[in-house]
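The values are calculated or read from the model by the stated rules, or taken from the named source; none is laboratory data. None of the values given here were measured: they were computed from a predicted structure. Cβ placement follows ideal geometry from the backbone for every residue including glycine, while neighbour counts extend to all protein chains displayed.
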Amino acid sequence: MYINGTAQPPKVAYFCMEYGLDEELKTYAGGLGILAGDYMKSACDLGLPVVGIGILWKQGYTQQMIDPDGKPFDQYPCYSYDFLNDTRKTVNVMVRGRNVKCKIWMVDKYKNAPLYLLDTNLPENEDKWITGRLYGGCDEDRIAQEIVLGIGGIRALRALGIDIDVYHFNEGHAVFAGIELIREKMGQMGLSFDEAVSLTEHEIVFTTHTPIREGNEVHKHHTLRYMGAYNGLSYDQMVTIGGNPFNMTVAGLRLSRTSSAVSKLHGVTSNRMWRDVPGRAPIISITNGVHPETWQDNSIKQAYETGGDLLKAHMDKKSSLISEIYKRCGVILDPDKILIGFARRAAPYKRSDLIFRNPDAIEPYLKSGEIQLIFSGKAHPSDGTGKDIVTNLVKMMKRYPRSVVFVPNYDMEVGRILTGGCDVWLNNPRRPNEASGTSGMKAAMNGVLNLSTLDGWWPEACEHGINGWQFGDGYEGPDQDSYDLKALYETLFSDVLPTYRNKAKWVQMMANSISCTSEAFSSERMVKDYYSKLYIPTLASQQVAAVTNNQGRKLRKVCVSPR
(Lines give C-alpha, C1' and ligand atoms only; values in the text may rest on other atoms or scores of the structure.)
Protein backbone atom coordinates (compact mmCIF):
# COMPACT_ATOMS: atom_id res chain seq x y z
CA MET A 1 0.00 0.00 0.00
CA TYR A 2 1.27 3.45 -0.92
CA ILE A 3 0.14 6.26 1.32
CA ASN A 4 3.12 8.57 1.42
CA GLY A 5 5.09 6.83 -1.31
CA THR A 6 5.43 7.58 -5.00
CA ALA A 7 2.35 5.73 -6.25
CA GLN A 8 -0.88 7.74 -6.21
CA PRO A 9 -3.41 6.17 -3.82
CA PRO A 10 -7.00 5.85 -5.06
CA LYS A 11 -9.21 8.92 -4.83
CA VAL A 12 -12.17 8.01 -2.64
CA ALA A 13 -15.64 9.51 -2.15
CA TYR A 14 -17.11 8.43 1.19
CA PHE A 15 -20.92 8.63 1.43
CA CYS A 16 -22.65 8.67 4.81
CA MET A 17 -26.00 9.95 6.10
CA GLU A 18 -24.38 11.47 9.22
CA TYR A 19 -21.01 12.82 10.34
CA GLY A 20 -19.93 13.38 13.94
CA LEU A 21 -16.92 15.69 13.62
CA ASP A 22 -17.63 17.84 16.67
CA GLU A 23 -20.52 18.40 19.05
CA GLU A 24 -21.11 21.92 17.69
CA LEU A 25 -21.94 20.57 14.19
CA LYS A 26 -25.28 18.77 14.62
CA THR A 27 -24.98 16.42 11.65
CA TYR A 28 -24.91 13.13 13.58
CA ALA A 29 -27.15 10.87 15.63
CA GLY A 30 -24.80 8.29 17.09
CA GLY A 31 -22.16 5.67 16.40
CA LEU A 32 -22.46 5.61 12.59
CA GLY A 33 -21.83 9.35 12.42
CA ILE A 34 -19.02 9.32 14.97
CA LEU A 35 -17.30 6.58 12.97
CA ALA A 36 -17.64 8.66 9.78
CA GLY A 37 -16.21 11.71 11.52
CA ASP A 38 -13.24 9.78 12.86
CA TYR A 39 -12.66 8.31 9.40
CA MET A 40 -12.54 11.79 7.86
CA LYS A 41 -10.09 13.03 10.48
CA SER A 42 -7.70 10.11 10.04
CA ALA A 43 -7.86 10.40 6.24
CA CYS A 44 -6.74 14.01 6.71
CA ASP A 45 -4.00 13.00 9.18
CA LEU A 46 -2.66 10.53 6.62
CA GLY A 47 -2.87 12.99 3.74
CA LEU A 48 -5.09 10.69 1.69
CA PRO A 49 -7.27 11.84 -1.26
CA VAL A 50 -10.62 11.28 0.45
CA VAL A 51 -13.71 13.49 0.26
CA GLY A 52 -16.89 13.00 2.23
CA ILE A 53 -20.46 13.42 0.98
CA GLY A 54 -23.26 14.07 3.45
CA ILE A 55 -26.24 16.28 4.30
CA LEU A 56 -26.46 19.56 6.21
CA TRP A 57 -29.23 18.81 8.72
CA LYS A 58 -30.93 22.05 9.75
CA GLN A 59 -32.50 20.58 12.90
CA GLY A 60 -29.98 17.83 13.52
CA TYR A 61 -31.22 14.59 15.10
CA THR A 62 -32.92 15.47 18.39
CA GLN A 63 -32.25 17.18 21.67
CA GLN A 64 -33.76 14.57 24.00
CA MET A 65 -34.44 15.76 27.53
CA ILE A 66 -36.33 14.30 30.53
CA ASP A 67 -39.66 15.76 31.68
CA PRO A 68 -40.74 16.02 35.37
CA ASP A 69 -42.41 12.60 35.12
CA GLY A 70 -39.12 11.00 34.08
CA LYS A 71 -40.05 10.50 30.42
CA PRO A 72 -37.91 11.59 27.45
CA PHE A 73 -39.16 14.28 25.10
CA ASP A 74 -37.67 15.69 21.91
CA GLN A 75 -36.80 19.25 20.90
CA TYR A 76 -35.81 20.44 17.43
CA PRO A 77 -34.00 23.80 17.41
CA CYS A 78 -32.78 25.10 14.05
CA TYR A 79 -29.02 25.41 13.64
CA SER A 80 -26.92 27.72 11.52
CA TYR A 81 -23.14 27.77 11.16
CA ASP A 82 -20.86 30.63 10.21
CA PHE A 83 -17.81 28.44 9.56
CA LEU A 84 -19.09 26.51 6.53
CA ASN A 85 -17.40 27.22 3.21
CA ASP A 86 -19.78 28.17 0.42
CA THR A 87 -18.68 26.32 -2.74
CA ARG A 88 -21.12 28.49 -4.79
CA LYS A 89 -22.21 25.29 -6.51
CA THR A 90 -25.66 23.70 -6.65
CA VAL A 91 -27.07 20.53 -8.18
CA ASN A 92 -30.61 19.41 -8.93
CA VAL A 93 -32.45 16.19 -8.16
CA MET A 94 -36.03 15.15 -8.90
CA VAL A 95 -38.27 14.22 -5.93
CA ARG A 96 -41.93 13.34 -6.59
CA GLY A 97 -41.64 14.90 -10.03
CA ARG A 98 -40.47 18.25 -8.67
CA ASN A 99 -37.06 19.79 -9.15
CA VAL A 100 -35.13 20.19 -5.89
CA LYS A 101 -32.06 22.40 -5.82
CA CYS A 102 -29.26 21.31 -3.46
CA LYS A 103 -26.63 23.78 -2.31
CA ILE A 104 -23.15 22.38 -1.63
CA TRP A 105 -21.28 23.45 1.51
CA MET A 106 -17.79 22.35 2.53
CA VAL A 107 -16.51 21.59 6.04
CA ASP A 108 -12.79 21.50 6.77
CA LYS A 109 -12.68 23.13 10.21
CA TYR A 110 -11.83 20.08 12.31
CA LYS A 111 -8.63 19.00 10.56
CA ASN A 112 -10.74 16.63 8.50
CA ALA A 113 -10.59 15.64 4.88
CA PRO A 114 -12.96 17.86 2.88
CA LEU A 115 -16.59 17.10 3.68
CA TYR A 116 -19.31 18.32 1.30
CA LEU A 117 -22.81 18.71 2.73
CA LEU A 118 -25.95 19.04 0.58
CA ASP A 119 -28.64 21.48 1.67
CA THR A 120 -32.20 21.81 0.32
CA ASN A 121 -33.21 24.58 2.73
CA LEU A 122 -33.32 27.18 -0.05
CA PRO A 123 -36.02 29.82 -0.73
CA GLU A 124 -36.72 28.53 -4.23
CA ASN A 125 -37.47 24.97 -3.09
CA GLU A 126 -40.94 23.72 -2.27
CA ASP A 127 -39.22 20.82 -0.53
CA LYS A 128 -37.00 22.71 1.91
CA TRP A 129 -37.91 20.10 4.53
CA ILE A 130 -35.85 17.28 2.98
CA THR A 131 -32.65 18.20 4.81
CA GLY A 132 -34.49 19.17 8.01
CA ARG A 133 -34.30 16.33 10.55
CA LEU A 134 -31.83 13.47 10.48
CA TYR A 135 -33.77 10.17 10.48
CA GLY A 136 -37.02 12.09 10.98
CA GLY A 137 -40.35 11.66 9.23
CA CYS A 138 -41.91 8.78 7.32
CA ASP A 139 -40.75 6.37 4.64
CA GLU A 140 -41.20 8.96 1.89
CA ASP A 141 -39.10 11.48 3.83
CA ARG A 142 -36.27 8.98 4.19
CA ILE A 143 -36.31 8.13 0.48
CA ALA A 144 -36.20 11.83 -0.42
CA GLN A 145 -33.20 12.30 1.87
CA GLU A 146 -31.47 9.30 0.34
CA ILE A 147 -32.10 10.66 -3.16
CA VAL A 148 -30.35 13.88 -2.11
CA LEU A 149 -27.45 11.97 -0.51
CA GLY A 150 -26.93 9.42 -3.28
CA ILE A 151 -28.04 10.95 -6.57
CA GLY A 152 -27.30 14.49 -5.41
CA GLY A 153 -23.95 13.38 -4.01
CA ILE A 154 -22.72 12.00 -7.35
CA ARG A 155 -23.91 15.14 -9.12
CA ALA A 156 -22.14 17.28 -6.51
CA LEU A 157 -18.85 15.54 -7.26
CA ARG A 158 -19.36 16.23 -10.97
CA ALA A 159 -20.25 19.90 -10.32
CA LEU A 160 -17.17 20.34 -8.15
CA GLY A 161 -14.93 18.71 -10.77
CA ILE A 162 -13.70 16.05 -8.32
CA ASP A 163 -12.42 12.91 -10.03
CA ILE A 164 -13.12 9.73 -8.05
CA ASP A 165 -11.67 6.22 -8.34
CA VAL A 166 -13.66 4.44 -5.61
CA TYR A 167 -17.06 5.20 -4.07
CA HIS A 168 -17.45 3.99 -0.48
CA PHE A 169 -21.04 3.65 0.76
CA ASN A 170 -21.09 3.63 4.56
CA GLU A 171 -24.41 1.81 5.24
CA GLY A 172 -27.28 1.36 2.80
CA HIS A 173 -28.51 4.97 2.88
CA ALA A 174 -26.17 5.84 -0.01
CA VAL A 175 -27.11 3.15 -2.55
CA PHE A 176 -29.02 5.53 -4.83
CA ALA A 177 -25.56 6.87 -5.71
CA GLY A 178 -25.03 3.51 -7.38
CA ILE A 179 -28.27 3.99 -9.33
CA GLU A 180 -26.96 7.36 -10.54
CA LEU A 181 -23.64 5.83 -11.63
CA ILE A 182 -25.53 3.22 -13.63
CA ARG A 183 -27.76 5.87 -15.20
CA GLU A 184 -24.68 7.89 -16.20
CA LYS A 185 -23.09 4.93 -17.95
CA MET A 186 -26.26 3.99 -19.76
CA GLY A 187 -26.93 7.56 -20.90
CA GLN A 188 -23.47 8.97 -21.53
CA MET A 189 -21.63 5.83 -22.61
CA GLY A 190 -24.50 4.07 -24.36
CA LEU A 191 -24.06 0.90 -22.31
CA SER A 192 -26.75 -1.65 -21.63
CA PHE A 193 -28.02 -2.05 -18.07
CA ASP A 194 -25.96 -5.22 -17.58
CA GLU A 195 -22.82 -3.55 -18.91
CA ALA A 196 -23.37 -0.46 -16.76
CA VAL A 197 -23.87 -2.54 -13.62
CA SER A 198 -20.80 -4.63 -14.44
CA LEU A 199 -18.59 -1.55 -14.59
CA THR A 200 -20.27 0.23 -11.66
CA GLU A 201 -19.75 -2.60 -9.23
CA HIS A 202 -16.00 -2.30 -9.83
CA GLU A 203 -16.15 1.28 -8.53
CA ILE A 204 -18.08 0.73 -5.30
CA VAL A 205 -17.24 -0.70 -1.89
CA PHE A 206 -19.85 -1.00 0.82
CA THR A 207 -19.82 -1.21 4.63
CA THR A 208 -22.71 -2.97 6.32
CA HIS A 209 -23.44 -2.23 9.98
CA THR A 210 -26.72 -3.61 11.32
CA PRO A 211 -26.38 -7.30 12.30
CA ILE A 212 -30.14 -7.75 12.70
CA ARG A 213 -31.81 -8.46 9.38
CA GLU A 214 -35.07 -6.76 10.36
CA GLY A 215 -33.12 -3.58 11.14
CA ASN A 216 -31.97 -3.15 7.54
CA GLU A 217 -33.97 -0.59 5.57
CA VAL A 218 -36.59 -1.81 3.09
CA HIS A 219 -38.84 0.18 0.72
CA LYS A 220 -41.85 -0.70 -1.43
CA HIS A 221 -41.29 -0.31 -5.15
CA HIS A 222 -44.34 1.82 -5.82
CA THR A 223 -43.05 4.30 -3.22
CA LEU A 224 -39.57 4.34 -4.76
CA ARG A 225 -41.04 4.96 -8.23
CA TYR A 226 -43.35 7.70 -6.95
CA MET A 227 -40.52 9.47 -5.09
CA GLY A 228 -38.17 9.38 -8.10
CA ALA A 229 -35.61 6.91 -6.76
CA TYR A 230 -35.81 4.81 -9.95
CA ASN A 231 -33.91 7.67 -11.62
CA GLY A 232 -34.55 6.37 -15.14
CA LEU A 233 -34.28 2.66 -14.38
CA SER A 234 -37.15 0.19 -14.77
CA TYR A 235 -38.94 -1.91 -12.20
CA ASP A 236 -37.17 -5.08 -13.32
CA GLN A 237 -33.78 -3.37 -13.18
CA MET A 238 -34.43 -2.04 -9.67
CA VAL A 239 -35.58 -5.47 -8.50
CA THR A 240 -32.42 -6.98 -9.97
CA ILE A 241 -30.43 -4.61 -7.76
CA GLY A 242 -32.39 -4.55 -4.50
CA GLY A 243 -35.06 -7.25 -4.61
CA ASN A 244 -38.77 -6.93 -3.94
CA PRO A 245 -39.33 -5.16 -1.62
CA PHE A 246 -36.21 -3.11 -2.26
CA ASN A 247 -33.63 -3.79 0.48
CA MET A 248 -31.01 -1.06 0.75
CA THR A 249 -28.39 -3.42 2.23
CA VAL A 250 -28.99 -6.05 -0.45
CA ALA A 251 -28.58 -3.32 -3.07
CA GLY A 252 -25.30 -2.25 -1.47
CA LEU A 253 -24.04 -5.83 -1.41
CA ARG A 254 -24.96 -6.37 -5.08
CA LEU A 255 -23.63 -3.06 -6.37
CA SER A 256 -20.20 -3.35 -4.73
CA ARG A 257 -17.05 -5.21 -5.66
CA THR A 258 -16.27 -5.94 -2.00
CA SER A 259 -18.17 -5.24 1.20
CA SER A 260 -16.91 -4.97 4.74
CA ALA A 261 -18.25 -5.71 8.19
CA VAL A 262 -17.08 -3.69 11.19
CA SER A 263 -15.53 -6.40 13.40
CA LYS A 264 -14.40 -9.99 12.96
CA LEU A 265 -17.45 -11.40 14.68
CA HIS A 266 -19.70 -9.08 12.70
CA GLY A 267 -18.12 -10.44 9.52
CA VAL A 268 -19.15 -13.95 10.51
CA THR A 269 -22.64 -12.76 11.44
CA SER A 270 -23.08 -10.74 8.23
CA ASN A 271 -21.97 -13.56 5.93
CA ARG A 272 -24.39 -15.88 7.69
CA MET A 273 -27.21 -13.33 7.58
CA TRP A 274 -26.86 -12.55 3.86
CA ARG A 275 -25.69 -15.95 2.62
CA ASP A 276 -28.87 -16.53 0.59
CA VAL A 277 -28.58 -13.28 -1.40
CA PRO A 278 -27.55 -14.23 -4.96
CA GLY A 279 -25.00 -12.07 -6.72
CA ARG A 280 -23.78 -10.31 -3.57
CA ALA A 281 -20.22 -9.17 -3.02
CA PRO A 282 -17.98 -11.00 -0.55
CA ILE A 283 -18.04 -9.52 2.96
CA ILE A 284 -14.66 -9.13 4.65
CA SER A 285 -13.99 -7.83 8.17
CA ILE A 286 -12.36 -4.47 8.84
CA THR A 287 -12.76 -3.67 12.52
CA ASN A 288 -13.77 -0.12 13.36
CA GLY A 289 -11.40 2.30 15.05
CA VAL A 290 -11.62 5.67 16.78
CA HIS A 291 -9.60 8.87 16.40
CA PRO A 292 -7.20 9.09 19.37
CA GLU A 293 -6.66 12.83 19.04
CA THR A 294 -10.42 13.30 19.47
CA TRP A 295 -11.13 10.74 22.19
CA GLN A 296 -7.94 10.10 24.19
CA ASP A 297 -7.32 12.63 26.95
CA ASN A 298 -3.93 14.33 26.64
CA SER A 299 -3.09 14.03 30.34
CA ILE A 300 -3.84 10.29 30.27
CA LYS A 301 -1.76 9.86 27.13
CA GLN A 302 1.16 11.82 28.57
CA ALA A 303 1.14 9.93 31.87
CA TYR A 304 1.10 6.62 29.99
CA GLU A 305 3.83 7.54 27.52
CA THR A 306 6.19 9.10 30.08
CA GLY A 307 5.68 6.59 32.88
CA GLY A 308 3.99 9.28 34.96
CA ASP A 309 1.27 8.96 37.57
CA LEU A 310 -1.50 7.34 35.56
CA LEU A 311 -3.79 6.98 38.57
CA LYS A 312 -3.56 10.69 39.38
CA ALA A 313 -4.31 11.61 35.77
CA HIS A 314 -7.33 9.31 35.86
CA MET A 315 -8.58 10.66 39.19
CA ASP A 316 -8.40 14.19 37.79
CA LYS A 317 -10.62 13.10 34.90
CA LYS A 318 -12.94 11.29 37.30
CA SER A 319 -13.26 14.43 39.45
CA SER A 320 -14.10 16.48 36.36
CA LEU A 321 -16.76 13.93 35.42
CA ILE A 322 -18.27 14.00 38.92
CA SER A 323 -18.38 17.82 38.82
CA GLU A 324 -20.12 17.71 35.44
CA ILE A 325 -22.65 15.18 36.75
CA TYR A 326 -23.48 17.47 39.66
CA LYS A 327 -23.88 20.44 37.31
CA ARG A 328 -26.13 18.56 34.89
CA CYS A 329 -28.06 16.26 37.22
CA GLY A 330 -27.64 17.59 40.76
CA VAL A 331 -26.21 14.27 41.99
CA ILE A 332 -23.10 14.09 44.17
CA LEU A 333 -21.00 10.96 43.49
CA ASP A 334 -18.13 9.62 45.60
CA PRO A 335 -14.73 9.76 43.84
CA ASP A 336 -13.40 6.94 46.05
CA LYS A 337 -16.07 4.45 44.99
CA ILE A 338 -16.06 2.58 41.69
CA LEU A 339 -17.83 4.40 38.86
CA ILE A 340 -19.28 2.28 36.02
CA GLY A 341 -20.38 3.92 32.78
CA PHE A 342 -22.92 2.75 30.20
CA ALA A 343 -23.79 4.96 27.23
CA ARG A 344 -25.64 3.44 24.28
CA ARG A 345 -28.52 3.98 21.90
CA ALA A 346 -31.68 2.87 23.68
CA ALA A 347 -32.36 -0.50 22.03
CA PRO A 348 -33.62 -3.72 23.66
CA TYR A 349 -30.69 -5.90 22.55
CA LYS A 350 -28.23 -3.62 24.35
CA ARG A 351 -29.93 -4.54 27.67
CA SER A 352 -29.19 -1.31 29.52
CA ASP A 353 -31.07 -2.55 32.60
CA LEU A 354 -29.42 -5.98 32.78
CA ILE A 355 -27.47 -5.14 35.94
CA PHE A 356 -30.73 -4.28 37.78
CA ARG A 357 -32.60 -7.48 36.95
CA ASN A 358 -31.80 -9.31 40.20
CA PRO A 359 -32.37 -6.72 42.93
CA ASP A 360 -31.42 -9.16 45.69
CA ALA A 361 -27.92 -9.37 44.22
CA ILE A 362 -27.22 -5.78 43.22
CA GLU A 363 -29.35 -3.63 45.53
CA PRO A 364 -27.09 -3.79 48.62
CA TYR A 365 -24.18 -2.38 46.57
CA LEU A 366 -26.35 0.41 45.17
CA LYS A 367 -27.93 1.39 48.48
CA SER A 368 -24.52 1.55 50.16
CA GLY A 369 -23.00 3.45 47.25
CA GLU A 370 -20.20 0.90 46.86
CA ILE A 371 -21.14 0.65 43.16
CA GLN A 372 -22.03 3.81 41.23
CA LEU A 373 -23.58 3.71 37.75
CA ILE A 374 -23.82 6.43 35.10
CA PHE A 375 -26.11 5.91 32.10
CA SER A 376 -26.72 7.96 29.00
CA GLY A 377 -28.24 7.42 25.58
CA LYS A 378 -31.03 8.51 23.25
CA ALA A 379 -34.03 6.73 21.83
CA HIS A 380 -35.14 7.40 18.26
CA PRO A 381 -37.91 10.02 18.47
CA SER A 382 -40.44 7.56 16.98
CA ASP A 383 -39.31 4.56 19.04
CA GLY A 384 -41.70 4.07 21.94
CA THR A 385 -39.83 0.99 23.16
CA GLY A 386 -36.56 2.92 23.21
CA LYS A 387 -38.19 5.72 25.18
CA ASP A 388 -39.51 3.18 27.67
CA ILE A 389 -35.92 1.99 28.16
CA VAL A 390 -34.82 5.54 28.96
CA THR A 391 -37.79 6.00 31.32
CA ASN A 392 -36.81 2.84 33.17
CA LEU A 393 -33.25 4.08 33.65
CA VAL A 394 -34.59 7.34 35.09
CA LYS A 395 -36.73 5.25 37.49
CA MET A 396 -33.58 3.46 38.63
CA MET A 397 -31.99 6.87 39.24
CA LYS A 398 -34.92 7.83 41.50
CA ARG A 399 -34.83 4.48 43.29
CA TYR A 400 -31.07 4.69 43.97
CA PRO A 401 -30.37 8.44 44.16
CA ARG A 402 -26.94 7.96 45.78
CA SER A 403 -25.53 5.69 43.13
CA VAL A 404 -27.42 5.77 39.78
CA VAL A 405 -27.43 8.69 37.34
CA PHE A 406 -28.97 9.14 33.91
CA VAL A 407 -27.44 11.94 31.83
CA PRO A 408 -29.93 13.22 29.22
CA ASN A 409 -29.21 14.36 25.67
CA TYR A 410 -26.29 12.06 24.93
CA ASP A 411 -23.88 13.64 22.43
CA MET A 412 -20.19 13.77 21.62
CA GLU A 413 -19.43 15.97 24.61
CA VAL A 414 -21.16 13.63 27.06
CA GLY A 415 -19.47 10.66 25.41
CA ARG A 416 -16.02 12.25 25.76
CA ILE A 417 -16.59 13.05 29.44
CA LEU A 418 -17.86 9.56 30.28
CA THR A 419 -15.27 7.56 28.36
CA GLY A 420 -12.54 9.67 29.95
CA GLY A 421 -13.66 9.69 33.58
CA CYS A 422 -15.41 6.42 34.50
CA ASP A 423 -13.47 3.56 36.08
CA VAL A 424 -15.23 0.78 34.17
CA TRP A 425 -17.09 0.70 30.83
CA LEU A 426 -20.02 -1.72 30.87
CA ASN A 427 -21.33 -3.32 27.69
CA ASN A 428 -23.83 -6.15 27.68
CA PRO A 429 -25.50 -6.66 24.29
CA ARG A 430 -27.05 -9.94 23.30
CA ARG A 431 -24.40 -11.63 21.19
CA PRO A 432 -24.04 -11.37 18.20
CA ASN A 433 -26.14 -8.19 17.86
CA GLU A 434 -23.41 -5.63 18.58
CA ALA A 435 -21.67 -4.89 15.29
CA SER A 436 -18.67 -3.14 16.85
CA GLY A 437 -19.15 -0.87 19.88
CA THR A 438 -16.64 1.93 19.45
CA SER A 439 -17.41 3.63 22.78
CA GLY A 440 -15.53 0.78 24.46
CA MET A 441 -12.47 1.59 22.34
CA LYS A 442 -12.60 5.22 23.44
CA ALA A 443 -12.84 4.17 27.07
CA ALA A 444 -9.99 1.67 26.71
CA MET A 445 -7.67 4.33 25.25
CA ASN A 446 -8.23 6.33 28.43
CA GLY A 447 -7.47 3.42 30.74
CA VAL A 448 -11.16 2.88 31.52
CA LEU A 449 -11.45 -0.89 31.86
CA ASN A 450 -14.04 -2.70 29.75
CA LEU A 451 -16.47 -5.14 31.33
CA SER A 452 -18.33 -6.71 28.44
CA THR A 453 -19.93 -9.73 26.87
CA LEU A 454 -17.91 -11.22 24.03
CA ASP A 455 -19.62 -9.25 21.29
CA GLY A 456 -18.59 -6.62 18.75
CA TRP A 457 -14.92 -5.62 18.93
CA TRP A 458 -14.25 -6.97 22.43
CA PRO A 459 -13.46 -10.61 21.47
CA GLU A 460 -10.53 -9.22 19.44
CA ALA A 461 -9.10 -7.18 22.32
CA CYS A 462 -10.06 -8.85 25.58
CA GLU A 463 -7.38 -10.40 27.78
CA HIS A 464 -9.46 -11.27 30.79
CA GLY A 465 -7.99 -9.85 33.98
CA ILE A 466 -5.15 -8.22 32.02
CA ASN A 467 -6.73 -5.29 30.15
CA GLY A 468 -10.37 -5.66 31.21
CA TRP A 469 -12.90 -8.45 31.71
CA GLN A 470 -15.33 -10.55 29.75
CA PHE A 471 -18.41 -11.96 31.39
CA GLY A 472 -19.89 -15.10 29.93
CA ASP A 473 -18.24 -17.16 27.24
CA GLY A 474 -20.12 -16.04 24.13
CA TYR A 475 -23.16 -18.21 24.76
CA GLU A 476 -26.00 -17.48 22.28
CA GLY A 477 -28.77 -19.75 23.55
CA PRO A 478 -32.43 -18.91 24.20
CA ASP A 479 -31.85 -18.14 27.90
CA GLN A 480 -28.94 -15.81 27.15
CA ASP A 481 -30.26 -13.04 29.41
CA SER A 482 -30.28 -15.12 32.58
CA TYR A 483 -26.98 -16.76 31.64
CA ASP A 484 -25.28 -13.41 31.07
CA LEU A 485 -26.80 -11.82 34.19
CA LYS A 486 -25.34 -14.54 36.39
CA ALA A 487 -21.96 -14.15 34.67
CA LEU A 488 -22.09 -10.36 35.06
CA TYR A 489 -22.59 -10.57 38.81
CA GLU A 490 -19.90 -13.24 39.22
CA THR A 491 -17.32 -11.20 37.32
CA LEU A 492 -18.28 -7.89 38.92
CA PHE A 493 -18.25 -9.15 42.50
CA SER A 494 -15.38 -11.65 42.28
CA ASP A 495 -13.01 -9.92 39.85
CA VAL A 496 -13.77 -6.25 39.28
CA LEU A 497 -14.45 -5.04 42.84
CA PRO A 498 -11.48 -6.86 44.45
CA THR A 499 -9.16 -5.52 41.73
CA TYR A 500 -10.46 -1.98 42.28
CA ARG A 501 -9.28 -2.25 45.89
CA ASN A 502 -5.81 -3.28 44.66
CA LYS A 503 -4.67 0.02 43.11
CA ALA A 504 -1.33 -1.29 41.88
CA LYS A 505 -3.01 -4.03 39.84
CA TRP A 506 -5.71 -1.63 38.66
CA VAL A 507 -3.16 0.84 37.33
CA GLN A 508 -1.30 -1.95 35.54
CA MET A 509 -4.53 -3.02 33.88
CA MET A 510 -5.17 0.59 32.86
CA ALA A 511 -1.76 0.72 31.20
CA ASN A 512 -2.42 -2.60 29.47
CA SER A 513 -5.75 -1.30 28.21
CA ILE A 514 -4.14 1.78 26.67
CA SER A 515 -1.27 -0.23 25.21
CA CYS A 516 -3.45 -2.75 23.38
CA THR A 517 -5.94 -0.30 21.89
CA SER A 518 -4.27 3.03 21.07
CA GLU A 519 -2.97 1.82 17.71
CA ALA A 520 -4.76 -1.45 17.00
CA PHE A 521 -8.20 0.12 17.40
CA SER A 522 -7.43 3.56 16.01
CA SER A 523 -9.20 5.01 12.98
CA GLU A 524 -5.77 5.47 11.36
CA ARG A 525 -5.33 1.68 11.33
CA MET A 526 -8.90 1.36 10.05
CA VAL A 527 -8.34 3.79 7.16
CA LYS A 528 -5.12 2.01 6.20
CA ASP A 529 -7.05 -1.27 6.17
CA TYR A 530 -9.68 0.28 3.93
CA TYR A 531 -6.99 1.28 1.47
CA SER A 532 -5.12 -2.02 1.48
CA LYS A 533 -8.15 -4.35 1.57
CA LEU A 534 -10.83 -2.38 -0.27
CA TYR A 535 -9.74 0.66 -2.26
CA ILE A 536 -6.47 -0.44 -3.89
CA PRO A 537 -7.81 -3.87 -4.96
CA THR A 538 -10.95 -2.17 -6.30
CA LEU A 539 -8.92 0.29 -8.37
CA ALA A 540 -6.81 -2.57 -9.72
CA SER A 541 -9.95 -4.47 -10.71
CA GLN A 542 -11.32 -1.61 -12.80
CA GLN A 543 -8.90 -2.14 -15.68
CA VAL A 544 -9.77 -5.83 -15.75
CA ALA A 545 -13.48 -4.96 -15.71
CA ALA A 546 -13.05 -2.51 -18.60
CA VAL A 547 -11.24 -5.11 -20.71
CA THR A 548 -13.86 -7.73 -19.84
CA ASN A 549 -16.66 -5.39 -20.86
CA ASN A 550 -14.96 -4.60 -24.17
CA GLN A 551 -14.76 -8.31 -24.90
CA GLY A 552 -18.52 -8.54 -24.51
CA ARG A 553 -18.39 -10.89 -21.52
CA LYS A 554 -21.70 -11.07 -19.69
CA LEU A 555 -22.31 -9.67 -16.22
CA ARG A 556 -23.06 -12.09 -13.40
CA LYS A 557 -26.83 -12.38 -13.11
CA VAL A 558 -29.02 -12.21 -10.02
CA CYS A 559 -32.57 -13.47 -9.65
CA VAL A 560 -35.44 -11.10 -10.40
CA SER A 561 -38.32 -11.36 -7.93
CA PRO A 562 -41.88 -11.52 -9.29
CA ARG A 563 -43.67 -8.22 -9.70
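Some points to look at:
- Unique residue being part of a helix (DSSP H, G or I), under 29 Å from Met526 (Cα atoms) and over 22 Å from the mean Cα position of the chain (by Cα) when the list is Ser323, Ser299, Ser319: Ser299
- Condition check for Gln63: crowded, with 16+ Cβ neighbours inside 10 Å and not assigned by TED's automatic domain parsing to the domain that holds Gly153: yes
- Matching entry among Asp411, Asp388, Asp455 (being touching a Pro at 6+ places or on another chain (Cβ under 9 Å), among the acidic types (Asp, Glu) and not assigned by TED's automatic domain parsing to the domain that holds Gly33): Asp455
- Test: residue in the range 268-283 that is more than 25 Å from the chain's Cα centre (by Cα) and buried (at least 18 other Cβ atoms within 10 Å of the Cβ): no
- The condition of being in the same structural domain as Ala229 (by TED's automatic domain parsing), out of contact with any strand residue (DSSP E or B) (no Cβ under 7 Å at 6 or more places or on another chain) and of a type in the set (Val, Ile, Thr) holds for only one of Ile182, Ile147, that being Ile182.
- You will find that of Ser513, Ser532, the residue that is outside the structural domain of Pro211 (by TED's automatic domain parsing) and either among the polar types (S, T, N, Q) or not in a loop (DSSP other than H, G, I, E, B) (or both) is Ser513 and no other.
- Of the residues making up the range 249-266, those that are part of a helix (DSSP H, G or I) and either buried (at least 21 other Cβ atoms within 10 Å of the Cβ) or at pLDDT below 95 (or both) are Thr249, Val250, Ala251, Gly252, Leu253, Arg254, Leu255, Leu265, His266.
- Flag if Glu214 is modelled with pLDDT under 95, assigned to a helix (DSSP H, G or I) and in the same structural domain as His173 (by TED's automatic domain parsing): yes
- Number of residues in the range 164-197 that are in a helix (DSSP H, G or I) and modelled with pLDDT of 95 or more: the value is 19.
Each row is one residue, and each column tells you yes or no for (1) under 22 Å from the mean Cα position of the chain (by Cα); (2) in contact (Cβ under 8 Å) with a residue 60 or more places away in the chain.
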residue	(1), (2)
Ile66	no, yes
Pro72	no, yes
Tyr81	no, no
Thr87	no, yes
Val100	no, no
Thr120	no, no
Asp127	no, no
Gly137	yes, no
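Here is a yes/no grid of residues against (1) crowded, with 18+ Cβ neighbours inside 10 Å; (2) modelled with pLDDT of 90 or more:
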{"position": "Lys503", "(1), (2)": "no, yes"}
{"position": "Gln508", "(1), (2)": "no, yes"}
{"position": "Ala520", "(1), (2)": "no, yes"}
{"position": "Ile536", "(1), (2)": "yes, yes"}
{"position": "Leu539", "(1), (2)": "yes, yes"}
{"position": "Gln543", "(1), (2)": "no, no"}
{"position": "Arg553", "(1), (2)": "no, no"}
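- Filtered residues of the range 149-163 (kept if farther than 24 Å from Gly33 by Cα and either assigned to a loop (DSSP other than H, G, I, E, B) or at pLDDT below 95 (or both)): Gly161, Asp163
- Single residue of Glu490, Glu476 found to be surrounded by fewer than 14 Cβ atoms within 10 Å (Cβ to Cβ), part of a helix (DSSP H, G or I) and either within 24 Å of the chain's Cα centre (by Cα) or touching a residue at least 12 places away in the same chain (Cβ under 8 Å) (or both): Glu490
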